[in-house]
Amino acid sequence: METVLRVNELTKRYRRRRAEPVVAVDHVSLSVRKNEVVGLLGPNGAGKTTTIKCIAGLIKPTSGEIWLDGIEAQRQPKKAMERVAALLEGNRNIYWRLTPRENLEFFAGLQGHPVRKVRGYIDELIELFGLKDKEGTSARMLSRGMQQKLALACALIRQTEILLLDEPTLGLDVETSYELRNVLKQMAARGERTILLSSHDMHVVQDTCERVIIINNGRVVVDDRVTNLMKLFQVSAYRFELEGHLVTELELKLKERFPLLAFSSTDHRTYIDADLVEGSELYEVLDILKAGNTQVKSIGHKEPNLEEIFLAIVKGQIK
Ligand SMILES: Nc1ncnc2c1ncn2[C@@H]1O[C@H](COP(=O)(O)OP(=O)(O)O)[C@@H](O)[C@H]1O
Ligand SMILES: [Mg+2]
């Protein structure tokens, strides 16, 4: 598949008054193929927003190249910007005095789409985002969640080749966040949009993206399919099920040797979760348990969870 978005060695250094400059993005390279939905995941301060703002042409990179649909952004900024729509973190970039429909018509017009040609798509978006009841209400009267949905709809109506979404569910209530994720999932499943979506919430990424790029301290640390990451993790995540309770002495001994073990128990069972234990260490855990006269009922693979994988990668526990 054709690559629609390519970032080569992007670096952004912010100058600060009376302080050292901050390197927010440090030689980041990435690419997104046509109709692919890619997650940009990273803790706060990792450089996600800066990366997206550079791609969207809102701030100037210190160095590096950005290609949007075959156009180099630095050389042909105006043409490049026609290829991309962005929804930025916390920025509900809509017109407060206009109704949802008027906003959608306005943003379609900005892109040069005549209203009569996009009417069908506007109806579809109003339906999809549950804005039907609010069609005649000015945007400022809408709830925060509704405004966020409208802002996303306004980015969509432009029908650009590339869509950038920075923390699209940040600050939304659980229900709205869930609804928005569903819309994104549907868009991803239909495979008709090229999307780079940033989030520090793994659920959003796990739900909607095929591939994830994890950044930390301005650098790419992982770029892989979500399913591959899950598989990689599954081979090293075990759960021991033990009969009865563990004596304190034994628990301390295990904790000292393997600080990453997590212990939990019910009335008659103890569970030890070993997320990042190598095969040989597995035997060592078993030996310690055996020496302490503990019955191991079973050892199973643990269901991997993107959140644990993410934390482990960011902490440098797995590569
Ligand atoms: N305008 C700015 N001036 C100076 N430093 C900034 C500015 N914007 C962001 N930073 C710094 O750049 C780093 C990356 O920030 P950001 O791109 O917002 O990360 P993220 O979106 O992943 O939370 C952080 O250390 C942040 O403090
Ligand atoms: Mg951010």
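Summary table below
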{"read-out": "Residue match in the stretch 67-75 (condition: under 23 Å from Asp207 (Cβ atoms) and in a strand (DSSP E or B))", "value": "no"}
{"read-out": "Hits in the stretch 288-319 (condition: assigned to a helix (DSSP H, G or I) and at pLDDT 85 or above)", "value": "Ile288, Leu289, Lys290, Ala291"}
{"read-out": "Members of the stretch 170-196 that are within 16 Å of ligand 1 (Cβ to nearest atom) and crowded, with 23+ Cβ neighbours inside 10 Å", "value": "Leu196"}
{"read-out": "Every residue from the stretch 163-190 that is within 16 Å of ligand 2 (Cβ to nearest atom) and of a type in the set (S, T, N, Q)", "value": "Thr169"}
{"read-out": "Qualifying residue in the stretch 104-118 (condition: touching a residue at least 12 places away in the same chain (Cβ under 8 Å) and within 11 Å of ligand 1 (Cβ to nearest atom))", "value": "no"}
{"read-out": "Selection within the stretch 194-227 - closer than 11 Å to Gly39 by Cβ, β-branched (Val, Ile, Thr) and not in a strand (DSSP E or B)", "value": "Val204, Val205, Thr208, Val226"}
{"read-out": "Those residues of the stretch 123-176 which are assigned to a loop (DSSP other than H, G, I, E, B), of a type in the set (A, V, I, L, M, F, W, C) and under 22 Å from the mean Cα position of the chain (by Cα), in sequence order", "value": "Phe129, Leu170, Leu172"}
{"read-out": "Of all residues in the stretch 88-122 being among the acidic types (Asp, Glu) and in a helix (DSSP H, G or I), the one that is surrounded by the fewest Cβ atoms within 10 Å (Cβ to Cβ)", "value": "Glu102"}
{"read-out": "From the options Arg219, Arg211, Arg257, residue that is modelled with pLDDT under 90 and within 23 Å of Ile309 (Cα to Cα)", "value": "Arg257"}
{"read-out": "Odd one out for Phe240 among (1) part of a helix (DSSP H, G or I); (2) aromatic (Phe, Trp, Tyr); (3) touching a residue at least 40 places away in the same chain (Cβ under 8 Å)", "value": "(1)"}
{"read-out": "Any hit, the stretch 14-21, residues being more than 8 Å from ligand 1 (Cβ to nearest atom) and closer than 29 Å to Arg181 by Cβ", "value": "no"}
{"read-out": "Residue ID - nearest to Val221 (Cα to Cα), chosen from residues in the stretch 22-61 that are within 8 Å of ligand 1 (Cβ to nearest atom) and hydroxyl-bearing (Ser, Thr, Tyr)", "value": "Thr51"}
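The values are calculated or read from the model by the stated rules, or taken from the named source; none is laboratory data. Quick caveat, the model's predicted, so the values are computed rather than measured. A quick note on method: Cβ atoms are made from the backbone with ideal geometry, for glycine too, and the neighbour counts reach across all protein chains shown.
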